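For reference, the structure is listed below as structure tokens.
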Amino acid sequence: MGITILARMLLLISSVTLISLLALSKCGLSGALDNNGIDEAISHPVRSSLRNEEQHTLLMEQREEENQQEIAKLKAEIKNLKIELFQLKNNAIISDQLMALNTSASVSPQQQQQSASYQLDCTNYIRRQVGNAEILHGMSMNNEYELVPFNHFTFSRVYPIDLGLGKRVVEKPIGYKRKDLLDALNRALESLNKNATLPNHRYTLDDFIEGIYRNEPTTGTQYELYFRTKEMNNKTNSPIPSSSSSHHNDHGTTKIIVMRPFAPLQTIQIERFPKTAEKEIIHIILPLSGRIATFQGFMDKFVKIALKNDRRVQLTVVYFGEDGLSEARQIMKRIVAQKSAYSSNLKLLALNETFSRAKGLRVGAEQIWNEDKSRGKNNKDVLLFMCDVDIVFSAKFLDRCRWNTKPNRKVYYPVVFSLYNPHVVYTLQGKEMPSETDQLVISRDTGFWRDFGYGMTCQYRSDFLKVRGFDEESVGWGYEDVMLYRKYVRSNIKVIRATDPGIFHIWHPKVCSGSQNGQKMSADQYRACIRSRALNEASHPQLGFLAFHDELMLNNQTEINHNSNNNINITNSNNNSSSNNSVYELRSTRRQINSNRQQHVTTKSARAKVSSQTTTRKAT
């Protein structure tokens, strides 16, 4: 019975448990649903607030992006303005290219990138040029001739290093030289005054002391500039005044190095010249008075070099006076008789007047003009070569005469190589006198570049008439060519001035007197003639040998006597030597003495010959 009650109680408990579970399961599901609804109601305001915050963030990001775009646009405009300023100041070569990229106010990003990259390329190139230059560090060189020396300068004086017989050892900086140095000084002042806050702290040109500069052919021009240091008073914050009487070392010195780098090479023009048969005819004008022997030599070389090799030349000789006129005509007639084809290339004009080179060249140019008028060729221009009888030129020079001239554009003024007195160059040194053709050698001992002479020139007749030709008031020797050269320099016509190895000035005695052919020479003419005469004789070492000839001969004689005594002592000390050896040594010593004496006689004769020529010139 107890077991039955226990079973019933377990069954009841199981039933109650099952009913409770069913009830709880049903009520719990609906309660969960009710809780979810409450959660949704609570989380809805949170979600809406989150959505508003996202929208605000998006709006801020949008505005930030717009601001960034505006900043980029302003930076691009600033960059373009800097590029334009850079073009105007430092780089005229690429100005057109960069300005083409920045013509419109609204510059595209691609154009901005191109202009910026171009500027970056230029900056990198300048840095490479500075790095390659021997400016902050030394460079190993093969010999002393590779070194490029500096030129010293102050604000008002330049001491050039490229010295020559015709160059000044000190000069004023004028023209492009002055502009170059002023640009370097202004650039240095900009760098020194970059951080200057007060006007009293700023450097000026008055603070410049001196400088040096040089041109390196591959990298550019280098300047090393020295300024007085601005020493500030700590109490008043003003520069300490310096009196003019103070010692030059009382102030500090500031050195600044400036460089003008060379830009990349640019091809400017390509020009082609015609063949030989189509070359421009050169009309050579030669003023002459007397000097028939020299004229004969000139004509021989003219036929050999010009008429046979070039043929596109015509010679007009303007002869002054009656003395020697018939001989000059006979010389030209003999050339025509040798070959009749030369008759159209030679012409002689006779003027019964006092010699005037300026008038002779003008008459020769006008004679060609009159011929063109008679042939109905009023508009035809001709190429003139104004020449002297002492000049020898090659066929290559005639080509340069054509290459370097153009009507209304450019004229050619070659720097002629002037030969020294051959009696000094060769005879004084004990050498045989070579032929005139073999004397045409360019070296330091045979001649010099006549950089002060402007008589030989190639130019078109239209340009000659445009600048109104020569000043015919100057009679006789010189200075009229300088006046014509100045007219061209002051005009808009380009002057080509260059050394030419194909044209030589033959040495001849030069007479400089106060009057010539009855006309008094001006002071400038006389000084120019004396200067030319002094430079024409010989090189400085050769003139030194002439000046100290007696001392040299005395020194040579002393050495000969000393060597003779030494040989005699050696002969006496060598008792064991054979008599044949002693005789041989004495004979050799005598031969040496005789050879030196013979050299002395030769030198004295050469010196006497030079002295006789000088005496003849003085007498003349």
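Let me know the volume per residue of the alpha-carbon convex hull for the range 417-551, in Å³.
146 Å³
Mind listing the long-range amide H neighbours of Leu348? Cut-off is under 5 Å, sequence gap 5 or more, other chains count too, H placed in the peptide plane at 1.01 Å from N.
Val317
If r is the Cβ-Cβ distance from Ser326 to Ile268 and R0 is 60 Å, what FRET efficiency results, to the nearest 0.05?
Calculated transfer efficiency: 0.65.
For the range 315-371, run through the trypsin sites (Lys or Arg not before Pro) and keep only the ones in DSSP coil with at most 11 other Cβ atoms within 10 Å of their Cβ.
none
Given a 1.4 Å probe and heavy atoms of the protein chains only, how would you sort Lys494, Lys279, largest accessible area at the top?
Highest to lowest solvent-accessible surface, that is Lys494, Lys279.
Counting only protein heavy atoms, what percent of the accessible surface of the range 432-510 is carbon or sulfur at a 1.4 Å probe?
Within the range 432-510, the accessible surface is 50 percent carbon and sulfur.
How many nm separate the modelled label positions at Arg531 and Arg202, each set 7 Å beyond the Cα in the direction of the Cβ?
In this crude label model, Arg531 to Arg202 measures out at 4.2 nm.
I want to check the label-to-label distance for Glu366 and Asn408. Put each point 7 Å from Cα in the C-beta direction and report it in nm to one decimal.
Label at Glu366, label at Asn408, 2.5 nm between them.
What are the aspartates and glutamates whose alpha-carbon lies under 13 Å from the alpha-carbon of Lys275, with same-chain residues fewer than 8 places away excluded?
Filter leaves Asp310, Asp399.
How large is log10 of I(q)/I(0) for the range 395-462 at q = 0.14, 0.23, 0.25 Å⁻¹ when the intensity is taken from the Debye formula with one equal scatterer per alpha-carbon?
-0.57, -1.00, -1.09
Work out from phi, with θ = phi - 60° and the Karplus expression 6.51 cos²θ - 1.76 cosθ + 1.60, the ³J(HN,Hα) of each residue of the range 526-542, listed in order in whole Hz, and give x for Gly and Pro.
Karplus-based 3J(HN,Hα) across the range 526-542 equals 5, 5, 5, 5, 4, 5, 5, 5, 5, 7, 7, 6, 6, 6, 4, x, 5 Hz.
For the range 430-439, in order, what is each residue's ³J(HN,Hα) by Karplus, 6.51 cos²θ - 1.76 cosθ + 1.60 with θ = phi - 60°, in whole Hz (x at glycine and Pro)?
x, 9, 6, 6, x, 5, 5, 5, 6, 7
Once you wrap a convex hull around the alpha carbon atoms of the range 245-353, what is its projected area averaged over all directions, in nm²?
About 17.4 nm², averaged over all directions.
The values are calculated or read from the model by the stated rules, or taken from the named source; none is laboratory data. Please read these numbers as outputs of a predicted model, since none were measured by experiment. Methodologically, a virtual Cβ is constructed for each residue, glycine included, from the backbone with ideal geometry; neighbour enumeration extends over all protein chains shown. Accessible surface is based on the protein model in full, side chains and every heavy atom, while ligands, DNA and RNA are left aside. Shrake-Rupley method; radii C 1.70, N 1.55, O 1.52, S 1.80 Å.
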